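Novice: I have a structure I would like to understand better, so I am pasting it below and will then ask my questions one at a time.
The values are calculated or read from the model by the stated rules, or taken from the named source; none is laboratory data. Keep in mind the model is a prediction, meaning the values are calculated, not measured. Note that each Cβ is placed from the backbone with ideal geometry, even for glycine, and that neighbours are counted across all protein chains shown.
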Amino acid sequence: MWLGKRPEYEIFILGTIRDEMKKIENQDVFRSDFDILCSFQAYLLYFMALHFFPMADSTEAVSPHDPQIQIKMQEIAFRTAQPGLLCKEEQYSTRPAWESWIVASSKRRTLFAMYLFTSVYNSQVGLPNFIAEELRGVIVPESKILWEARGRGNWEKEYNLHLSRWPDGMLEISELWKSAETSTDARRERIERWLQYTDEFGFMLFSTCAHIHGC
């Protein structure tokens, strides 16, 4: 509906998006980790569609600046993160099951995407922005090859290489924030090591943090 939208159907499509968002808002909280993640991703995409909709300023359209949407998205994000953002094996620098890693890595990426979008949204609607201190300790997106692996065998092989590159522990997002260690050789080496292998999303995160905090 979104891709094939025509002006005469825009109000209907906006209403449909909000209806789908309300379904997610009213879902049973006692659902699987994977299902909650899927709902979070869908809600975030719907929110983006509402915000960037061409009729967003129309008085007839569903308002994309409804503060309740932001609150509900934060609640869904909290439910997604509550079971944890790391596989048990990741905490001990060992290789997790492929399926578990997909969920954990997707959670982290979706949370980062939400915070990036929220910063744009707040800026455009005149709301204050804050450094996301609650994300301190969340590891940054892994390598492009690891993320795009299409089979278990390839992923396991790449993950073994990934572990060998990070004997000192995976880079955390807070390491891209300004601190007393920002200009140290050790910190720069870790950041450069990560940048050698990260994907486009990782580079976007790095660029955002560099813009805010400096390099």
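Novice: Anything in segment 103-142 that is hydroxyl-bearing (Ser, Thr, Tyr) and modelled with pLDDT of 95 or more? List them, or say none.
Specialist: 105, 106, 110
Novice: Sticking with this structure for a sec: Picking from 24, 13, which residue would you name as being without any contact (Cβ under 8 Å) to a residue 60 or more places away in the chain and within 17 Å of residue 78 (Cα to Cα)?
Specialist: Residue meeting the stated conditions: 24.
Novice: Hey, does segment 144-161 have a residue that's touching a helix residue (DSSP H, G or I) at 6+ places or on another chain (Cβ under 6 Å), in a loop (DSSP other than H, G, I, E, B) and not hydrophobic (A, V, I, L, M, F, W, C)?
Specialist: There is no residue in segment 144-161 that is touching a helix residue (DSSP H, G or I) at 6+ places or on another chain (Cβ under 6 Å), in a loop (DSSP other than H, G, I, E, B) and not hydrophobic (A, V, I, L, M, F, W, C).
Novice: Another one. Check 148, 142, 133 and return the single one that is under 21 Å from residue 206 (Cα atoms) and in contact with a strand residue (DSSP E or B) (Cβ under 8 Å, 6 or more places away or on another chain).
Specialist: Step by step, each of 148, 142, 133 is checked, and only 142 is under 21 Å from residue 206 (Cα atoms) and in contact with a strand residue (DSSP E or B) (Cβ under 8 Å, 6 or more places away or on another chain).
Novice: Kindly indicate the residue of segment 185-215 that is more than 18 Å from residue 130 (Cα to Cα) and hydroxyl-bearing (Ser, Thr, Tyr) and also surrounded by the most Cβ atoms within 10 Å (Cβ to Cβ) among those meeting that condition.
Specialist: Looking at residues that are more than 18 Å from residue 130 (Cα to Cα) and hydroxyl-bearing (Ser, Thr, Tyr), I get 198.
Novice: Additional query: Would you mind stating whether residue 94 is assigned to a loop (DSSP other than H, G, I, E, B), modelled with pLDDT of 95 or more and either of a type in the set (Ser, Thr, Tyr) or within 14 Å of the chain's Cα centre (by Cα) (or both)?
Specialist: yes
Novice: Looking at segment 1-44, which of the residues that are out of contact with any Ser or Thr (no Cβ under 9 Å at 6 or more places or on another chain), among the acidic types (Asp, Glu) and within 27 Å of residue 115 (Cβ to Cβ) is surrounded by the most Cβ atoms within 10 Å (Cβ to Cβ)?
Specialist: Looking at residues that are out of contact with any Ser or Thr (no Cβ under 9 Å at 6 or more places or on another chain), among the acidic types (Asp, Glu) and within 27 Å of residue 115 (Cβ to Cβ), I get 25.
Novice: Can you find a residue in segment 112-134 that is more than 18 Å from the chain's Cα centre (by Cα), part of a loop (DSSP other than H, G, I, E, B) and among the aliphatic types (A, V, I, L, M)?
Specialist: Yes - at least one qualifying residue is present in segment 112-134.
Novice: In segment 201-215, how many are of a type outside the set (Phe, Trp, Tyr) and either free of Cβ contacts under 8 Å to residues at least 40 places away in the same chain or touching a strand residue (DSSP E or B) at 6+ places or on another chain (Cβ under 7 Å) (or both)?
Specialist: Number satisfying all stated conditions: 7.
Novice: Within the set of pairs 6 or more residues apart or between chains, which connect a residue that is within 23 Å of residue 109 (Cα to Cα) and basic (Lys, Arg) inside segment 170-189 to a residue that is in a loop (DSSP other than H, G, I, E, B) and at pLDDT below 95 with Cβ atoms less than 9 Å apart?
Specialist: Partner pairs satisfying both residue conditions: 178/214; 187/179; 187/181; 188/182; 188/215.
Novice: When you scan segment 184-215, how many residues do you find that are in a loop (DSSP other than H, G, I, E, B) and either at pLDDT 95 or above or of a type in the set (Val, Ile, Thr) (or both)?
Specialist: Of the residues in that region, 4 qualify.
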